[in-house]
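A short write-up of the structure that comes next.
Bear in mind these aren't lab numbers, they're just calculated from the coordinates by the rules spelled out. Being a predicted model, the structure only gives us computed values, none of them experimental. Ideal geometry is used to build each Cβ from the backbone, glycine not excepted, and the neighbour counts take in all protein chains shown.
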Amino acid sequence: MRTLIAGNWKMNGTRAMLGELDRIAAIAAATEQVDVAIAPPFTLIGEAAAHAGAVMIGGQDCHSADKGAHTGEISAPMLVEMGAGFVICGHSERRAEFDETDAVVLAKAQAAQNAGLIAIICIGEDEAERDEGRALMVVASELDGSVPATATAANLVVSYEPAWAIGTGRTPTADEIGEMHGIIRAKLLQLLGEEGRGVRILYGGSVNAGNASTILACPDVNGALIGGASLTAEQFVPIIEAAANVSQ
């Protein structure tokens, strides 16, 4: 299984940042063991796809409908037309700030896969759920409610992102990450049968050059979804290089 290092630029990025993408793409082209992906803001997807080279470009969100009276929204077919190959569904910020339920995430993921996109479905507990000992139950429930029954290893990636670790500098221990990813793998096998064995499971939450090797060496961690550290080649490239070293 190839390691996937994906960057989420969130609501950051102007055309000036395409130079960073050029530098990231140069490293990605020379790193055969690792797949690299970037989700820039929608305004940059078309131009980013032209700069991407070996980097897969994707969207940060999509609507569940292909078209219609949904002012300000972006559909999965629109992302495809812009050159996207994947879309993030159910990021913790979407779930928290926009009240996206598992049912909403499921509908978006299904729309993405119907359009030919890979759906990166995000799941994870918040700080209160972790402190109350409900993290494993929350993650299993979100998988139940968010993963399309027709998902395959080719069109689904799952990203475990404990919300309390995103942008805070805090991360679970290696044992905690390994335990959670093992639970996720078991749940994917339950939901998708043997197909679930090939689904890549990413870790997301304050990954950086200093901790990437340790995190990526955990059982059933098949890559990472990176936020702030993906905005510059200086911070993102060392994570790609760490992934390549772990994959050897």
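Odds and ends about this structure:
- For the chain, the longest site-free run once trypsin sites (Lys or Arg not before Pro) in DSSP loop states with at most 14 other Cβ atoms within 10 Å are removed: 171-248
- Cα centre as origin, Lys/Arg/Asp/Glu Cβ charges: the stretch 90-179 dipole, Debye: 460 debye
- Euclidean distance of C-alpha centroids, the stretch 87-107 and the stretch 109-172, integer Å: 9 Å
- About its Cα centre, the chain has a charge dipole of approximately 500 debye under the convention of +1 per Lys or Arg Cβ and -1 per Asp or Glu Cβ, with nothing else charged.
- log₁₀ of I(q)/I(0) at q = 0.18, 0.24, 0.25, 0.27 Å⁻¹ - the stretch 168-248, Debye sum with one point per alpha carbon: -0.74, -1.11, -1.17, -1.27
- In straight-distance terms, cross-link reach from residue 67 covers every one of the lysines whose alpha-carbon lies under 22 Å from its own, apart from those fewer than eight places away in the same chain; here that gives 108.
- Sparsely packed loop sites in the stretch 31-118 (the chymotrypsin sites (Phe, Trp or Tyr not before Pro) outside DSSP H, G, I, E and B with at most 12 other Cβ atoms within 10 Å) comprise 98.
- Near residue 11, once Lys and Arg are set to +1 and Asp and Glu to -1 for all other residues with Cβ below 13 Å from its Cβ, the sum equals -1.
- Charging the Cβ of each Asp and Glu at -1 and of each Lys and Arg at +1, and nothing else, the dipole of the stretch 94-135 about its Cα centre rounds to 360 debye.
- Spatial separation of Cα centroids for the stretch 15-58 and the stretch 175-204, in angstrom: 27 Å
- Converting the Cα gyration tensor eigenvalues of the stretch 3-247 into ellipsoid dimensions via √(5λ) gives semi-axes, longest first, of 24, 23, 17 Å.
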